[in-house]
Amino acid sequence: LGALLLGGWVGAQEREGPRPQEDLPGELKQAIARAAPSVVRVELVQGERLPEAVRWRLFRQVNDRAAGAGVVVGPRAVLVHDVQACYRAATYRITTHEGELFEATIARRVPRLGLALLETSADLGLKPIRWGRSTGLATGQLVLSLSDPFGSARDGQLSATCGALEGRVRLDARETAYAGEVLLTSAALNPGSEGGALLDLEGRLVGLLAPLSGDRRLEELGRGGSLLGYALPVELCRRAVAGAQRPELGFAARSKGEQVVVERVSAEGLAAAAGLEVGDRIVSVAGQAVRSTAELRLALERHDAARALPLVVERAGRRVELEVGP
C-alpha cells in the first residue's frame, strides 16, 4: 500500500488534483474525519536551541527550521515529539484544520520517552484525540498517519498516508532518544512527519510519529542511507499526558539471574503505598511475566498509565498480589 495519498487531506498536493475523497473506502474516510480536527500543524516561531539538542535531532531539518505536527490532548494541550521542544524560551505557532492560529509554549518535556507537551495561550476549541491501544494492533493491520511532511500544511490541511503496522521492535540507532519498543509502519513518513498521529481505522491514536531514524543494523547490510519510519506507542503518550512517569512509582529493581528483585522503595511513592517491599521478587507486571529489568521496563511502558498497575511478587516463599497507583 506504501504511500497511498488520501484525497481531501493532502494539503500541498491539493492544487495538483488530489484523488477525490469520494473514491476512498468508507472506513478510511470516517477515520480521517474523526481524527483530523484533533491533529494540528506545529511550527517554531523563536527559541534558542538547547546545548544537548543535537542528540535528539534525528534528521536534517528542512530549511533549518522546526515544523511538524502535534496531537490535541486537552483544551490547551498539544502533544509533540521531544525533537520539536529542544529549545529555550521557545514560542510556537499552532495551525488548526480550520486555519486558526494559536501561540504555544513548552509546558513539559519528557525526553526519556521522546515526548513533550505544548500549552496554547487560549483554548483551542477542538476535541482531544481519541485514545486507542497499540497493544491491540496485529502485525499487518492497516494504519493511517496524519502529519506535516516538508511543511506542506501551511493552511492546516495535513497530509494523510496509509500503510500497515510492520511490527514492534527496539531501534538500534545512535541518536534515538527513546530506547524502548516502537511501532514500525509502512505508511510513508518524511521530515516534518514527527509529532503527527498514527491511527487505527477507527480514527483513534495508536502512536505518535517520530523523526526518521537510521538503524545500525541497516548499516551492517550496507544500507546506511535507509531510514525507518516509526511511532511511539500510545501508552507512552498517555503516560506523558498524565505525568505518570516510571520514577513516580517509587521503586527500583535489578536483575539477579532470571529474577527481578526490588532493591529500593521510596517511602512517599505509589509502590510503598501499595505495599511493595525491598527484597520482593517481581513475578509479573500487568499480567506479563518478568524475568529481567528489560522485561520490567517493557511491561511498564505498555501499561495504561490511567489504570492501577497490577504486580505479582514473591515474598518469603509466597505470592502476593499488589495494585500500584494510579
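The values are calculated or read from the model by the stated rules, or taken from the named source; none is laboratory data. The structure presented is a predicted model; accordingly, all values stated were derived computationally and were not measured. Every residue, glycine as well, gets a Cβ built from its backbone with ideal geometry; the counts of neighbours run over all protein chains shown. Keep in mind that these areas ignore ligands, DNA and RNA; they rest on the heavy atoms of the full protein, side chains included. Shrake-Rupley method; radii C 1.70, N 1.55, O 1.52, S 1.80 Å.
Every listed requirement among (1) open to solvent by 20 Å² or more (accessible area, probe 1.4 Å); (2) of a type outside the set (Lys, Arg); (3) modelled with pLDDT under 90; (4) touching a strand residue (DSSP E or B) at 6+ places or on another chain (Cβ under 9 Å) is met by TYR178 save one, (1).
If you check THR96, THR91 for being of a type in the set (Ser, Thr, Tyr), more than 18 Å from ASN190 (Cβ to Cβ), open to solvent by 10 Å² or more (accessible area, probe 1.4 Å) and over 15 Å from the mean Cα position of the chain (by Cα), only one passes: THR91.
The residues of region 32-67 that are at pLDDT 90 or above and either basic (Lys, Arg) or surrounded by 16 or more Cβ atoms within 10 Å (Cβ to Cβ) (or both), listed by number, are ARG34, ALA35, ALA36, PRO37, SER38, VAL39, VAL40, ARG41, VAL42, GLU43, LEU44.
Would region 120-135 turn up any residue that is open to solvent by 10 Å² or more (accessible area, probe 1.4 Å) and part of a helix (DSSP H, G or I)? The answer is yes, given that some residue of region 120-135 is open to solvent by 10 Å² or more (accessible area, probe 1.4 Å) and part of a helix (DSSP H, G or I).
Note on region 258-311: residues that are open to solvent by less than 70 Å² (accessible area, probe 1.4 Å) and outside any helix (DSSP H, G or I) total 28. Taking (1) among the acidic types (Asp, Glu); (2) open to solvent by 30 Å² or more (accessible area, probe 1.4 Å); (3) within 15 Å of ALA252 (Cα to Cα) in turn, GLU314 satisfies each apart from (3).
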